[in-house]
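Each reported figure results from applying straightforward, stated rules to the coordinates on display, with no laboratory input. Bear in mind that the values here come from a model prediction, so they are computed numbers and not experimental data. All Cβ positions, even for glycine, are placed from backbone atoms using ideal geometry, and neighbour counts span all protein chains on display.
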Amino acid sequence: MRKPFIAGNWKMHKTIEEAVSLVRALKKELANVEGCDVAVCPPFVTLPAVREALEGSDIGLGAQNVHWEDEGAFTGEVSPLMLVGLCDYVIIGHSERRNVFGETDEWINKKVHAALAHSLKPIICVGESLEQNRAGETEPFVGGQVRAAFEGITAAQAKLVTMAYEQIWAIGTGLAATGEDANEIIGSAVRGTLADLYGDDVAQTMRVQYGGSVKPQNVAEFLSQPEIDGALVGGASLKAPDFSEIVKKGLAAHLKQ
Ligand code: PEP
């Protein structure tokens, strides 16, 4: 059985003070939770303070983005070298990066290579738009995103990656997919493509999260599905009681399978 993994994507929220107070509360609420990997992904500027506040806890830390070069004339960017020793994970290819900031599949692949070269574990986001879903293009589109992200990545490296399947219209809208739908798409377009690339044995070891309006009220619907190994949580990760409840309910639903 794959160990569940629930990560909070704080997006562009929380000052340093607010971030520290949120993780202090999470440390308390999640102190006795075992059997689930948990991580928070705050904005870059709060990472050092959050890292310090997380000392003595099993909660992992991730960045929300990374450039692929170690250094250079890239105003406003943060390099993988700068994240070494600070973060365990890095989110790559979130739909907001793809759609608001114009990140391409090629960039995302470069970022995956750079992250792995610096021992940062990527959480790679894929997912289709509502139009693509309605047009029946989900499987080829999401499968294509997976193939592009893993170009030139070895099987040994792939095992370090977590995938996050997020339907774009479900992010931040309250319109989550059904557990069955998400399970089916993850099985075919995400894990199915990974199995084509690396074989079933490797694909079966890789964790795939669902993301898109996951809340304490619906997390069990997703984490009780056989193909879903966790959640990438946006809005509901900003409040300690909500995120802790998601972790606890998600883990319980996963263990019941
Ligand atoms: C996300 O940011 O990846 C996300 C899934 O957001 P939300 O949970 O708010 O839909």
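Numbers for the structure displayed
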item	result
Region 96-147-region 9-83 distance, computed between alpha-carbon centres (Å)	21
Region 1-109 - Rg and Dmax from Cα coordinates, angstrom	14.7, 45
Percent of Cα-Cα distances greater than 20 Å, calculated over region 122-257	42
Leu160-Val33 pseudo-label distance in nm [points 7 Å out on the Cα-to-Cβ vector]	2.6
Per principal axis, descending, Cα span of region 212-257 in whole Å	28, 18, 14
Cα-Cα P(r), region 71-190, percent of pairs per 5 Å interval	2, 11, 20, 23, 19, 13, 8, 4, 1, 0
Exposed-loop-free span, longest in the chain, where chymotrypsin sites (Phe, Trp or Tyr not before Pro) count as exposed if DSSP calls them loop and at most 15 other C-beta atoms lie within 10 Å	102-257
Cα-projected label distance for Asn99 with Ser188, points at 7 Å along beta-carbon direction, nm	2.2
For region 182-194, 3J(HN,Hα) per residue [Karplus equation, 6.51 cos²θ - 1.76 cosθ + 1.60, θ = phi - 60°, Hz, x = Gly/Pro]	4, 4, 5, 5, 4, x, 8, 7, 9, 5, x, 5, 4
Mean projected area in nm² (Cα convex hull; one quarter of hull surface) for the chain	12.5
Sparsely packed GluC sites (Glu not before Pro) within region 162-257, loop by DSSP, other Cβ within 10 Å at most 15	none
Net charge dipole size for region 123-215 [Lys, Arg +1 and Asp, Glu -1 on Cβ; Debye, nearest 20]	320
Too-long pairs where the Cα-Cα distance tops 30 Å, listed order kept, from Lys111/Lys248; Lys110/Lys239; Lys111/Lys256; Lys11/Lys110; Lys110/Lys249; Lys110/Lys256	Lys111/Lys248; Lys110/Lys239; Lys111/Lys256; Lys110/Lys249; Lys110/Lys256
Sum of side-chain charges, Val66 neighbourhood, beta-carbon under 14 Å (Lys, Arg +1; Asp, Glu -1)	-2
